[in-house]
Amino acid sequence: AESKNIRHQGKKKKQKPLPEITEEEIPFKIPQTWKWTRLGEVGATTTGKTPPTKKYSLTEGLIPFIGPGDITKSNIIKNEVPKKISEEAVEYSEEAVADDLLMVCIGGSIGKAALVDYIMCFNQQINKITPIVLDSKYLFDVLTSGYFNHLVINSAVGGATPIINQTRWAKLPVPLPPKPEQSRIVKKTTQLLGLVYKLEGRLE
């Protein structure tokens, strides 16, 4: 993580302050101890990049290079990623490390998301957020929720090939609970998902 921060430090533009959330934007009521904020205010967002293919191979390195097809409908990253790039090529891509979150931002699979647990790079069809004031697992629950998926689809532009760029994505509202509440929500959703997987196993 340290090498990534040093490597890309000079490339990042300072993000502009985001506008206050209006009443019309609030999707549903939340407890009084919570607050609505924008995605770009709870972490640093960016869009992926593909290294110049004339100079760098996308198959002859060691670092996984993620595209939309590598994130499953179950919101996890596939174990076997066909494209891998070199350390040198990473300089011309965008890097994600453990606890970052990735979301497909274009096409028919727009809205698929994944929580990163090892170093990888990703292309321009994917947006990333590095959580700062939110638990990464709680934010994953938010990004994969029905309400957020609905917002992503409805905020996308482009007709047949919908796209939500980093600016629009960063403006989407997310509920911000106190830190202890975030942990309780993650614990509960983990338990519920465990029950779902057991039931699915029995049905199979």
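The values are calculated or read from the model by the stated rules, or taken from the named source; none is laboratory data. The shown structure was predicted, so the numbers you read here are calculated from the model rather than taken from an experiment. The protein model used for the area step is the full one, side chains on, heavy atoms only, and it has no ligands, DNA or RNA in it. Shrake-Rupley method; radii C 1.70, N 1.55, O 1.52, S 1.80 Å.
I'm checking a number: the convex hull volume of the Cα atoms of the chain, normalised per residue, in Å³. What is it?
Details: hull volume 30.5 nm³, N = 204.
Output value, Cα hull per residue: 149 Å³.
When each pair of different Cα atoms in the range 52-123 is counted once in the 1/r mean, what is the Kirkwood radius in angstroms, to one decimal? Write down the numbers at each step before the final one.
Working: mean 1/r = 0.0807 Å⁻¹.
For the range 52-123, the Kirkwood estimate is 12.4 Å.
Mind grabbing the accessible area of residue 171 for me, 1.4 Å probe, Å², rounded to tens?
90
Can you give the relative contact order of the chain as a percent, counting alpha carbon pairs under 8 Å and 6+ residues apart?
On the way: 336 pairs, mean separation 51.0, N = 204.
With pairs under 8 Å counted, the relative contact order is 25 percent.
In this model, which of 16/49; 84/112; 78/188; 73/187; 137/179; 16/137 are farther than 19 Å apart at the alpha-carbon?
Values: 16/49 21 Å; 84/112 21 Å; 78/188 25 Å; 73/187 22 Å; 137/179 12 Å; 16/137 26 Å.
Flagged as over cut-off: 16/49; 84/112; 78/188; 73/187; 16/137.
Under a cut-off of 18 Å between alpha-carbon atoms, report the aspartates and glutamates in cross-link reach of residue 55, not counting same-chain residues fewer than 8 places apart.
87, 88, 91, 94
Heavy atoms only, 1.4 Å probe, whole protein assembly: order 138, 92, 118 by accessible area, highest first. Intermediate results must be reported in sequence, preceding the final value.
On the way: 138 10, 92 110, 118 80 Å².
These residues rank, largest area first, as 92, 118, 138.
Per-residue ellipticity at 222 nm for the chain, helices alone: DSSP H runs ≥ 4 residues times -39500 (n - 2.57), over residue total, nearest 500 deg cm²/dmol?
Numbers: 6 runs with 59 residues, N = 204.
Counting only the DSSP helices, I get -8500 deg cm²/dmol.
So what are the radius of gyration and Dmax for the Cα set of the range 127-168, in Å?
According to the Cα coordinates of the range 127-168, Rg and Dmax are 11.8, 35 Å.
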